[in-house]
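Here's the structure, in structure tokens; my notes come after.
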Amino acid sequence: LFIIPWNVYKFTGDISLIQSMWQNMLTYMDYMSRQAEDYICDYGLADWCSPIDRPQHPAVVTDTAYYYHDAVLMSKMAELMGEPSDKWIELSRKVRKAWREKFLNNEELTSFQTFYACAIYQGLLDEEEIPVYAKKLAQLIEDNGNHIDCGILGAKYIFSALSENGYMDLIYKMITNPTCPSYAYWINKGY
């Protein structure tokens, strides 16, 4: 809901889609706020469609990350619309703080590639934490034979998190890896 109007503006300078979607975005943020408890959301599908049989990454982590990201985008779009942005800036700060307090040092999440990639991709880390998390993400992938072990959301995050932090060589290994799961495997099998 938020990324499309924001990206249209970002790449074209045209705010008309933001203007036409503004009321819908306000309604959605109201819904998100009603779903949240102490700024933590847990209502979505999580990181489904993992290529391997393993416990699913908790939805609450990615749901709350999207709540934060949406609040950040709302603050930027509010400014473009000439609307007050303070409410959204404050909400994003509170959600980020809640996410960090609940998840950042949670040992149960350290085996999930999605956790590290989400934290980087969604902007939930401080600048000095990003290289540490990117390195841990890379290590999990390498330890898994240069394979991802995440589902739909993790796959969205991983390539950006790695490429923006100097791990293009690892991405290349992941993509060209001839064993499942990888793009090369699917292409070689004719999928």
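Okay, here's what the table says:
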| item | result |
| --- | --- |
| Inter-centroid distance (Cα atoms) of the stretch 93-125 relative to the stretch 137-169, Å | 16 Å |
| Gyration tensor (alpha-carbon) shape descriptor, the stretch 115-165, a/c threshold 1.5 | oblate |
| Pair ARG54, LYS173: separation of 7 Å Cα→Cβ label points (nm) | 1.6 nm |
| Highest-first arrangement of 28-35, 167-174, where packing means the average Cβ count within 10 Å | 167-174, 28-35 |
| Calculated [θ] (222 nm, deg cm²/dmol) that DSSP helices of n ≥ 4 give over the chain, each run adding -39,500 (n - 2.57) | -20000 deg cm²/dmol |
| For a label point 7 Å along the Cα-to-beta-carbon line of THR110, residues of the stretch 125-165 with backbone N under 17 Å | 129-144 |
| ³J(HN,Hα), Karplus 6.51/-1.76/1.60, whole Hz, each residue of the stretch 35-47, x for Gly, Pro | 6, 6, 10, 6, 6, 10, 10, 8, 8, x, 7, 6, 9 |
| Stretch gain in nm, segment ILE3-TYR43, where the contour uses 0.36 nm per residue and the Cα spacing is subtracted | 12.5 nm |
| ASP30 versus GLN139: modelled label distance in nm, points set 7 Å from Cα along the beta carbon direction | 4.7 nm |
| Viscosity 1.002 mPa s, 20 °C: Kirkwood-radius Stokes-Einstein D of the chain over Cα pairs, µm²/s | 121 µm²/s |
| Percent accessible area from carbon and sulfur atoms, the chain, protein chains only, probe 1.4 Å | 52 percent |
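The values are calculated or read from the model by the stated rules, or taken from the named source; none is laboratory data. Everything numeric in this text was worked out from a predicted model, so none of it was measured. Reconstructed Cβ throughout: ideal geometry from the backbone, glycine too, with neighbour counts over all protein chains shown. Note: areas computed on protein heavy atoms with side chains; ligands, DNA, RNA excluded. Shrake-Rupley method; radii C 1.70, N 1.55, O 1.52, S 1.80 Å.
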